[in-house]
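Step one of this worksheet: look at the structure below.
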Amino acid sequence: QVQLVESGGGLVQAGGSLRLSCAVSGRRSSLYGVGWFRQAPGKEREFVATINWSGTNTYFADSTKGRFTISRDDAKNTVDLQMNSLKPEDTGVYFCAADANGLALVDAKWYGDWGQGTQVTVSS
(Lines give C-alpha, C1' and ligand atoms only; values in the text may rest on other atoms or scores of the structure.)
Protein backbone atom coordinates (compact mmCIF):
# COMPACT_ATOMS: atom_id res chain seq x y z
CA GLN A 1 0.00 0.00 0.00
CA VAL A 2 1.19 3.51 -0.85
CA GLN A 3 -0.01 7.03 -0.18
CA LEU A 4 -0.58 9.48 -3.00
CA VAL A 5 -0.89 13.26 -2.85
CA GLU A 6 -1.75 15.36 -5.89
CA SER A 7 -0.73 18.98 -6.34
CA GLY A 8 -0.54 21.63 -9.04
CA GLY A 9 -4.18 22.16 -9.84
CA GLY A 10 -5.68 25.58 -10.34
CA LEU A 11 -7.52 27.94 -12.65
CA VAL A 12 -6.18 28.52 -16.15
CA GLN A 13 -7.50 30.02 -19.36
CA ALA A 14 -8.19 27.87 -22.39
CA GLY A 15 -4.98 27.27 -24.32
CA GLY A 16 -2.88 27.46 -21.19
CA SER A 17 -0.84 24.84 -19.37
CA LEU A 18 -0.69 23.22 -15.96
CA ARG A 19 1.62 20.65 -14.47
CA LEU A 20 0.17 18.25 -11.94
CA SER A 21 2.35 16.23 -9.63
CA CYS A 22 1.56 13.01 -7.79
CA ALA A 23 3.79 12.32 -4.81
CA VAL A 24 3.94 8.60 -4.04
CA SER A 25 5.18 7.42 -0.67
CA GLY A 26 5.42 4.05 0.96
CA ARG A 27 7.28 0.82 0.65
CA ARG A 28 8.44 0.02 -2.89
CA SER A 29 6.71 3.14 -4.21
CA SER A 30 9.07 3.43 -7.17
CA LEU A 31 7.85 0.05 -8.42
CA TYR A 32 4.21 1.08 -8.79
CA GLY A 33 2.46 1.91 -12.02
CA VAL A 34 0.60 5.23 -11.78
CA GLY A 35 -2.45 6.47 -13.58
CA TRP A 36 -4.19 9.81 -13.78
CA PHE A 37 -7.96 10.05 -13.91
CA ARG A 38 -10.40 12.96 -13.79
CA GLN A 39 -13.98 13.53 -12.85
CA ALA A 40 -16.11 16.42 -14.02
CA PRO A 41 -19.25 17.48 -12.14
CA GLY A 42 -22.10 15.10 -12.88
CA LYS A 43 -19.88 12.75 -14.86
CA GLU A 44 -18.12 9.49 -14.16
CA ARG A 45 -14.44 9.25 -13.50
CA GLU A 46 -12.48 8.87 -16.74
CA PHE A 47 -9.00 7.77 -17.67
CA VAL A 48 -6.46 10.44 -18.61
CA ALA A 49 -2.97 8.89 -18.77
CA THR A 50 -0.84 6.18 -17.22
CA ILE A 51 2.79 5.11 -16.89
CA ASN A 52 4.34 1.83 -15.81
CA TRP A 53 6.94 1.42 -13.08
CA SER A 54 9.94 1.83 -15.38
CA GLY A 55 8.53 4.63 -17.50
CA THR A 56 8.79 2.55 -20.66
CA ASN A 57 5.05 2.24 -21.27
CA THR A 58 2.61 5.13 -21.36
CA TYR A 59 -0.98 5.39 -22.56
CA PHE A 60 -3.25 8.36 -23.05
CA ALA A 61 -6.94 8.88 -23.54
CA ASP A 62 -7.81 9.93 -27.07
CA SER A 63 -8.99 13.28 -25.70
CA THR A 64 -5.59 14.02 -24.18
CA LYS A 65 -3.24 12.47 -26.71
CA GLY A 66 -0.84 15.02 -28.18
CA ARG A 67 -1.60 17.59 -25.49
CA PHE A 68 -0.67 15.80 -22.26
CA THR A 69 2.53 14.04 -21.30
CA ILE A 70 3.26 11.84 -18.29
CA SER A 71 6.64 11.26 -16.68
CA ARG A 72 8.09 9.95 -13.46
CA ASP A 73 11.00 11.04 -11.32
CA ASP A 74 11.95 8.17 -9.07
CA ALA A 75 14.49 10.28 -7.20
CA LYS A 76 11.62 12.46 -6.06
CA ASN A 77 8.99 9.68 -6.07
CA THR A 78 6.69 11.75 -8.22
CA VAL A 79 4.68 11.21 -11.38
CA ASP A 80 3.93 14.39 -13.28
CA LEU A 81 1.18 15.15 -15.76
CA GLN A 82 2.05 18.03 -18.06
CA MET A 83 -1.12 19.44 -19.59
CA ASN A 84 -0.85 21.80 -22.57
CA SER A 85 -3.41 23.42 -24.83
CA LEU A 86 -6.02 23.05 -22.14
CA LYS A 87 -9.71 23.15 -23.03
CA PRO A 88 -12.76 23.88 -20.90
CA GLU A 89 -13.71 20.21 -21.18
CA ASP A 90 -10.51 19.32 -19.31
CA THR A 91 -12.08 20.81 -16.19
CA GLY A 92 -12.50 18.42 -13.28
CA VAL A 93 -10.92 16.90 -10.23
CA TYR A 94 -7.77 15.05 -11.18
CA PHE A 95 -6.78 11.95 -9.24
CA CYS A 96 -3.67 9.81 -9.35
CA ALA A 97 -3.76 6.12 -8.53
CA ALA A 98 -1.17 3.41 -8.01
CA ASP A 99 -0.94 -0.20 -9.17
CA ALA A 100 1.20 -2.50 -7.04
CA ASN A 101 2.02 -4.69 -10.05
CA GLY A 102 3.81 -1.81 -11.73
CA LEU A 103 1.60 -1.80 -14.79
CA ALA A 104 0.24 1.04 -16.89
CA LEU A 105 -3.49 0.43 -16.62
CA VAL A 106 -6.35 2.32 -18.21
CA ASP A 107 -9.18 0.86 -16.13
CA ALA A 108 -9.69 2.51 -12.75
CA LYS A 109 -11.00 -0.67 -11.17
CA TRP A 110 -7.52 -2.22 -11.14
CA TYR A 111 -5.95 0.50 -9.04
CA GLY A 112 -5.72 -0.13 -5.33
CA ASP A 113 -4.57 3.20 -3.94
CA TRP A 114 -5.87 6.67 -4.74
CA GLY A 115 -5.07 10.24 -3.86
CA GLN A 116 -7.59 12.84 -2.75
CA GLY A 117 -7.54 14.77 -6.01
CA THR A 118 -6.71 18.28 -7.17
CA GLN A 119 -9.09 20.66 -8.91
CA VAL A 120 -8.36 21.85 -12.44
CA THR A 121 -10.59 24.56 -13.91
CA VAL A 122 -10.16 25.76 -17.48
CA SER A 123 -12.04 28.93 -18.35
CA SER A 124 -13.14 29.75 -21.88
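Here are some notes:
- Computed label-point distance, nm, for sites GLU89 and ASP107 using a 7 Å Cα→Cβ extension: 2.5 nm
- When you count the other C-beta atoms within 10 angstrom of each residue and take the mean per peptide, 99-105, 34-40 line up highest first as 34-40, 99-105.
- Estimated FRET transfer efficiency (LEU31, GLN82; beta-carbon r; R0 22 Å; 0.05): 0.45
- Solvent exposure, largest accessible area first (probe 1.4 Å, DNA, RNA and ligands not counted), of THR121, THR69, THR56: THR56, THR69, THR121
- Which of GLY102, LEU86, THR64, positive extreme of dipole for segment 39-120 (C-beta unit charges): LEU86
- Full extension of the chain segment joining GLN39 with THR56 gains 3.5 nm, where the gain is 0.36 nm per residue of separation less the Cα-Cα distance.
- Label zone at GLN13, where the point sits 7 Å out along the Cα-to-Cβ direction: segment 81-100 residues whose backbone N lies under 16 Å: 85-88
The values are calculated or read from the model by the stated rules, or taken from the named source; none is laboratory data. Keep in mind the model is a prediction, meaning the values are calculated, not measured. FYI the Cβ positions are ideal-geometry reconstructions off the backbone, even for glycines, and counts take in every protein chain you see. Surface areas here come from the heavy atoms of the whole protein model, side chains and all, with no ligands, DNA or RNA. Shrake-Rupley method; radii C 1.70, N 1.55, O 1.52, S 1.80 Å.
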